[in-house]
């Protein structure tokens, strides 16, 4: 249950069904050594898969050991429904439920679905996933892809729910005013520091406009393998006094409340929670129009701005200039963005889940 969109959705599902008096068990594939970013109700039983005690450093043996553990848990629990999230876990769960009389629902969060699997083995995965009663995806485009590439699977589109206002989490908190002066305006971005997030493009775009908009600063929340490279870029541009990389925080709601603009610079997304959250907080948002996700939320020019991915940092730069320079546009976009609170509310999205599960 570390930081991530799927993990947030899982926590919402668990809490909802436990409140409805269903018996819910959450099985985490991590060993328990990770910090849980998202908490679930005490009414939810929590289990985690352990590493092999004999060969704890052997990756292959640990994978086999966890598979055996997962199958043992499912046999002992004898659940009516098993719901699996994330591609590799979907593979393991599909294998682990063979021979058991239980409904299986697998959830794909990436574009394209099953993108991390070897395409040469799709023939095997088509056979394996045939036993899934339903595949849940987040967008119509993902459903169309599944209909073409996994035609024997039934699929349903259920977007992510959003909680407004967001709760605080068990993680370090950094107050916005401790890093950014109260008289400054904030351009906010958030996510795992991975090459697909393209935070380097955002940094360069901000660098191009900074001299004409001296009251604005950039804050990028998150951790990841690209942190050192991004910090090096900030230092090379001599921007450490205007760009902050404070890491992951448990009080992101306070940053949404403080931010004046939000940017999603990703080249690939499934259904980005951070963008949806920022919009429900009424932050004027700019996003690359990648294949899936942002275009499902943003109506260009109405409740946000979409930038064609081919425009790269110049596109981000122009969109930022446009919003910074036009207060009325920011206000109108902010007002329209908050309408997503109802559309993607937990109540509305959980009705779709309950219908799919025949609850």
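For region 309-317, the condition holds for no residue, the condition being that it is touching a helix residue (DSSP H, G or I) at 6+ places or on another chain (Cβ under 9 Å) and closer than 22 Å to residue 257 by Cβ. Screening residue 90 on (1) assigned to a helix (DSSP H, G or I); (2) out of contact with any strand residue (DSSP E or B) (no Cβ under 8 Å at 6 or more places or on another chain); (3) closer than 25 Å to residue 17 by Cα shows it passes everything except condition (2). When residues in region 33-53 are screened for being surrounded by fewer than 19 Cβ atoms within 10 Å (Cβ to Cβ), in contact with a helix residue (DSSP H, G or I) (Cβ under 8 Å, 6 or more places away or on another chain) and more than 26 Å from residue 359 (Cβ to Cβ), 3 of them pass. Only one entry of 221, 201 meets the criterion of being without any contact (Cβ under 8 Å) to a residue 60 or more places away in the chain and either more than 17 Å from residue 263 (Cα to Cα) or assigned by TED's automatic domain parsing to the domain that holds residue 278 (or both), and that entry is 221.
Does at least one position in region 18-32 carry a residue that is at pLDDT 95 or above, part of a helix (DSSP H, G or I) and out of contact with any helix residue (DSSP H, G or I) (no Cβ under 7 Å at 6 or more places or on another chain)?
Start the filter on region 18-32 by keeping residues that are at pLDDT 95 or above, which leaves 18-27.
Next cut, part of a helix (DSSP H, G or I) only: 18-19.
Add one more test, that the residue is out of contact with any helix residue (DSSP H, G or I) (no Cβ under 7 Å at 6 or more places or on another chain), and what stays is 18-19.
Yes, because at least one residue in region 18-32 is at pLDDT 95 or above, part of a helix (DSSP H, G or I) and out of contact with any helix residue (DSSP H, G or I) (no Cβ under 7 Å at 6 or more places or on another chain).
Answer yes or no as to whether residue 322 is assigned to a helix (DSSP H, G or I), in contact with a helix residue (DSSP H, G or I) (Cβ under 9 Å, 6 or more places away or on another chain) and without any contact (Cβ under 8 Å) to a residue 40 or more places away in the chain. Yes.
Being crowded, with 19+ Cβ neighbours inside 10 Å, assigned by TED's automatic domain parsing to the domain that holds residue 15 and more than 26 Å from the chain's Cα centre (by Cα) narrows it down to one residue among 102, 97; which is it? Walk me through it before giving the result.
Details: 102 fails: crowded, with 19+ Cβ neighbours inside 10 Å.
Of 102, 97, the one residue that is crowded, with 19+ Cβ neighbours inside 10 Å, assigned by TED's automatic domain parsing to the domain that holds residue 15 and more than 26 Å from the chain's Cα centre (by Cα) is 97.
Kindly indicate whether any position in region 107-120 is over 29 Å from residue 159 (Cβ atoms) and surrounded by 13 or more Cβ atoms within 10 Å (Cβ to Cβ).
Let us first name the residues in region 107-120 that are over 29 Å from residue 159 (Cβ atoms), namely 120.
Of the ones still in play, those that are also surrounded by 13 or more Cβ atoms within 10 Å (Cβ to Cβ) are none.
No; the residues of region 107-120 include none that is over 29 Å from residue 159 (Cβ atoms) and surrounded by 13 or more Cβ atoms within 10 Å (Cβ to Cβ).
Among what's in region 286-314 and is assigned to a helix (DSSP H, G or I) and in contact (Cβ under 8 Å) with a residue 40 or more places away in the chain, pick the residue that is surrounded by the most Cβ atoms within 10 Å (Cβ to Cβ). Residue satisfying both the conditions and the ranking: 297. Scanning region 179-200 for residues that are in contact with a strand residue (DSSP E or B) (Cβ under 9 Å, 6 or more places away or on another chain) and in a helix (DSSP H, G or I) yields 179, 197, 199.
In this structure, is residue 141 surrounded by fewer than 14 Cβ atoms within 10 Å (Cβ to Cβ) and either at pLDDT below 95 or outside any loop (DSSP other than H, G, I, E, B) (or both)?
Details: surrounded by fewer than 14 Cβ atoms within 10 Å (Cβ to Cβ): no; either at pLDDT below 95 or outside any loop (DSSP other than H, G, I, E, B) (or both): yes.
For residue 141, the condition - surrounded by fewer than 14 Cβ atoms within 10 Å (Cβ to Cβ) and either at pLDDT below 95 or outside any loop (DSSP other than H, G, I, E, B) (or both) - is not met.
Taking the options 263, 234, name whichever one is buried (at least 24 other Cβ atoms within 10 Å of the Cβ), touching a strand residue (DSSP E or B) at 6+ places or on another chain (Cβ under 6 Å) and modelled with pLDDT of 95 or more. Full working, then the answer.
Details: 234 fails: buried (at least 24 other Cβ atoms within 10 Å of the Cβ).
Going through 263, 234 in turn, the sole match is 263.
Only a single criterion out of (1) free of Cβ contacts under 8 Å to residues at least 40 places away in the same chain; (2) part of a loop (DSSP other than H, G, I, E, B) is not satisfied by residue 283, namely (1).
The values are calculated or read from the model by the stated rules, or taken from the named source; none is laboratory data. None of these values were measured; they are calculated from a predicted model. Here the Cβ is made from the backbone with ideal geometry for all residues, glycine too, and neighbour counts use every protein chain on show.
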